[in-house]
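Participant: The structure under discussion is supplied below as structure tokens; questions concerning it will follow.
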Amino acid sequence: MTVTIENLVGGSWSDRGDAAAVEDLNPADQRDVIGTIPMLGADQSRAAVDAAAEAFGTWRRTSMVERGVVLSRAAQLLRTRRTQIAQDITRENGKLLREAGVEVDKSADFLEYYAGVARLPWGELLDDARDGSYVQTRREPVGVVVAITPWNDPLLTPARKLAPALVTGNTVVLKPSTETPIAAQHFARALHDAGLPAGVLNTVTASVDVVGPQVLDDRRVAAVTVTGSTETGRRLEHQLAGRGVRFQAEMGGKNASVVMADADLDLAVATIIAAAFGQAGQRCTATSRVLVQRQVGREVRERLVDAVRALRVGPGSDEATTLGPLLSRRQQSSVLEHLDRARAEGAVVLCGGDAPTEGDLAHGCFVAPTIAEVTPEMALWRDEVFGPVVAVTDVDDLEQALERVNESTYGLSAAIFTRDISSAYRFMEEADTGQLAVNLPTSGWDVHHPFGGFKHSGSAFKEQGLDGLRFYTRVKTAALRYRWATA
């Protein structure tokens, strides 16, 4: 059964594009054509910016409480449509059906959280040194926001960005990944059906060559938020430099989990496996490096290998599956190339490391879950793989563990497993990452927790929570004299 894929521009839906269409394929079985993606060209992409710019004046003047009501209604629609949305995410992205269901729930949570923000204090009243005067600060929307979202969390990431953008009065042009546009369509439809005015949200399935000149280079764009690779984020940062466009990026990660000798090894191994192989490792916060204190190095490796061999590879729609496919043949090939290079550099693959070549799985984009023993000089230790691959190495002590964690050019998330409170606090103080966990996974942050990385993993603006509002607002300070001397 094929799915009709549409874009929302200026309040109207259309399944037609003025550029060549692209097939949307099921990663679990590339013979399954889900639908045809309408690719927008120059005129349609410009029309999306036109619609957002035109709608901004009215939307910014709409009561924040009223904006919150629209978000709340949209959240309810996502929950009502949960089953169908989750099935579409699994078919298009490949993640397990239960993972897709959680994604729908979290996306609704984002809408509900920021709907509640609409009733919080919005600005401050300040004293003034001048007699008969006071000063107030006001938070205002920045304007037209372009949101560029990835394929790995195709519903959740738009929710993370659009909920704070919309509730604060901005209008949005959403450019979802052309690998997974159906989830973004579900999100836009929920907001549209909830009463979002025409032009406040517009979706654009278009190539980078079109989005660059027709959307990003438009002088009416006030802010750009992107989640994607570090390469993509840095390229956009350079493209926007010098224009005063606000820029937010959530980029790559090479997240480490440290297992100290005093750790609860049952907890550590189970947590690492879930963090490393959930969504087939295709998460920016996935654990991809494991540092084990040497005294327990062999035992931890054996436990990790045993746990990985118990995983069941298969389509996400099968309830028995515990590890789904990668997104595409291109993604599958990239992961296998990383593993080939690792072997050539001397890495020891303890389990996995290949792709199914027979039966139904051969028609999908699967890679067997992999544990590899490496040294810190190897590329597999440094480079983001974005797949079901964990690199393991030993460390002597906490000092060396921190050194290994911090030597990465990335700085998104890190975790430590220990029973020692002093080790835990030292790790929280000295690990150079934006997210830190003690006896918890590197992944799994909630909607009200500020989220974002350091170094090559992120920009200055955090997402989520109240911190997530700062990117989408500017502060105006106004002074008012209310008393003056009379003749």
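Participant: Are any residues in segment 375-389 assigned to a helix (DSSP H, G or I) and surrounded by fewer than 18 Cβ atoms within 10 Å (Cβ to Cβ), and if so, which ones?
Facilitator: Residues satisfying the conditions are 379, 382.
Participant: Here is a further query. Go through (1) in a helix (DSSP H, G or I); (2) within 25 Å of residue 411 (Cβ to Cβ); (3) among the aliphatic types (A, V, I, L, M) one by one and return the number of the condition residue 361 breaks.
Facilitator: (2)
Participant: Kindly list, by first and then second residue, each pair from a residue in segment 437-451 that is surrounded by 16 or more Cβ atoms within 10 Å (Cβ to Cβ) to a residue that is at pLDDT below 95 and of a type in the set (A, V, I, L, M, F, W, C), limited to pairs with Cβ atoms under 9 Å and residues at least 6 apart or on different chains.
Facilitator: 451/445
Participant: Let me ask something else about it. Those residues that are surrounded by fewer than 23 Cβ atoms within 10 Å (Cβ to Cβ) and part of a loop (DSSP other than H, G, I, E, B), I need them from segment 390-409; list them, please.
Facilitator: Correct list: 396, 397, 407, 409.
Participant: Also, I was wondering about something else. Suppose we filter 433, 473, 418 for residues that are assigned by TED's automatic domain parsing to the domain that holds residue 233, at pLDDT 95 or above and either buried (at least 20 other Cβ atoms within 10 Å of the Cβ) or touching a strand residue (DSSP E or B) at 6+ places or on another chain (Cβ under 6 Å) (or both); which single one remains?
Facilitator: Going through 433, 473, 418 in turn, just one is assigned by TED's automatic domain parsing to the domain that holds residue 233, at pLDDT 95 or above and either buried (at least 20 other Cβ atoms within 10 Å of the Cβ) or touching a strand residue (DSSP E or B) at 6+ places or on another chain (Cβ under 6 Å) (or both): 473.
Participant: With the requirement that a residue be assigned to a helix (DSSP H, G or I), in contact (Cβ under 8 Å) with a residue 24 or more places away in the chain and closer than 20 Å to residue 377 by Cβ, what does segment 331-358 give you?
Facilitator: 338, 339, 341, 342
Participant: Something else about it: Would you say residue 478 is crowded, with 22+ Cβ neighbours inside 10 Å and either over 24 Å from the mean Cα position of the chain (by Cα) or over 30 Å from residue 340 (Cα atoms) (or both)?
Facilitator: Against the criterion (crowded, with 22+ Cβ neighbours inside 10 Å and either over 24 Å from the mean Cα position of the chain (by Cα) or over 30 Å from residue 340 (Cα atoms) (or both)), residue 478 does not qualify.
Participant: Criterion first (under 30 Å from residue 90 (Cβ atoms), touching a Ser or Thr at 6+ places or on another chain (Cβ under 9 Å) and in the same structural domain as residue 164 (by TED's automatic domain parsing)) does residue 48 satisfy it?
Facilitator: yes
Participant: Does segment 311-326 contain at least one residue that is in a helix (DSSP H, G or I) and in contact (Cβ under 8 Å) with a residue 12 or more places away in the chain?
Facilitator: No, that holds for no residue.
Participant: May I pose another question? In segment 283-299, is there at least one residue being closer than 30 Å to residue 145 by Cα, in contact with an Asp or Glu (Cβ under 6 Å, 6 or more places away or on another chain) and modelled with pLDDT of 95 or more?
Facilitator: No, every residue in segment 283-299 fails to be closer than 30 Å to residue 145 by Cα, in contact with an Asp or Glu (Cβ under 6 Å, 6 or more places away or on another chain) and modelled with pLDDT of 95 or more.
Participant: If you don't mind, there's one more thing I want to ask. Regarding segment 149-166, can at least one residue be identified that is crowded, with 24+ Cβ neighbours inside 10 Å, within 30 Å of residue 328 (Cα to Cα), more than 15 Å from the chain's Cα centre (by Cα) and touching a residue at least 60 places away in the same chain (Cβ under 8 Å)?
Facilitator: Within segment 149-166, not a single residue is crowded, with 24+ Cβ neighbours inside 10 Å, within 30 Å of residue 328 (Cα to Cα), more than 15 Å from the chain's Cα centre (by Cα) and touching a residue at least 60 places away in the same chain (Cβ under 8 Å).
Participant: If we only count strands (runs of 3 or more DSSP E) wholly inside segment 106-149, which ones have 1 or more residues that are among the β-branched types (Val, Ile, Thr)?
Facilitator: Filter on segment 106-149 gives 133-141, 144-148.
Participant: For segment 1-59, which fully contained strands (runs of 3 or more DSSP E) count at least 1 residues that are over 19 Å from residue 215 (Cβ atoms) and in contact with a strand residue (DSSP E or B) (Cβ under 6 Å, 6 or more places away or on another chain)?
Facilitator: Passing ranges, in order: 22-26, 29-37.
Participant: Pairs under 9 Å by beta carbon, first residue surrounded by fewer than 15 Cβ atoms within 10 Å (Cβ to Cβ) in segment 94-122, partner part of a helix (DSSP H, G or I) and among the hydroxyl-bearing types (Ser, Thr, Tyr), six or more apart or different chains?
Facilitator: 116/72
Participant: I'd like to know if segment 64-79 contains one or more residues that are outside any helix (DSSP H, G or I), polar (S, T, N, Q) and modelled with pLDDT of 95 or more.
Facilitator: No.
Participant: Within segment 363-373, is even one residue without any contact (Cβ under 8 Å) to a residue 40 or more places away in the chain and either surrounded by 15 or more Cβ atoms within 10 Å (Cβ to Cβ) or aromatic (Phe, Trp, Tyr) (or both)?
Facilitator: Looking for residues that are without any contact (Cβ under 8 Å) to a residue 40 or more places away in the chain and either surrounded by 15 or more Cβ atoms within 10 Å (Cβ to Cβ) or aromatic (Phe, Trp, Tyr) (or both), one finds at least one in segment 363-373, hence yes.
Participant: Collect the residues in segment 123-139 that are within 29 Å of residue 240 (Cβ to Cβ), touching a residue at least 40 places away in the same chain (Cβ under 8 Å) and surrounded by fewer than 16 Cβ atoms within 10 Å (Cβ to Cβ), keeping them in residue-number order.
Facilitator: Of everything in segment 123-139, those that are within 29 Å of residue 240 (Cβ to Cβ), touching a residue at least 40 places away in the same chain (Cβ under 8 Å) and surrounded by fewer than 16 Cβ atoms within 10 Å (Cβ to Cβ) turn out to be 137, 138.
Participant: Hey, can you tell me all the residues within segment 44-76 that are closer than 16 Å to residue 220 by Cα and of a type in the set (D, E, K, R)?
Facilitator: 46, 50, 54, 60
Participant: Please work out which residue is farthest from the chain's Cα centre (by Cα), limiting yourself to segment 438-463 and to residues that are of a type in the set (A, V, I, L, M, F, W, C) and under 19 Å from residue 384 (Cβ atoms).
Facilitator: 454
The values are calculated or read from the model by the stated rules, or taken from the named source; none is laboratory data. In this text, all values refer to a predicted model and were calculated from it rather than measured experimentally. Backbone-built Cβ (ideal geometry, glycine too); neighbour counts: all protein chains shown.
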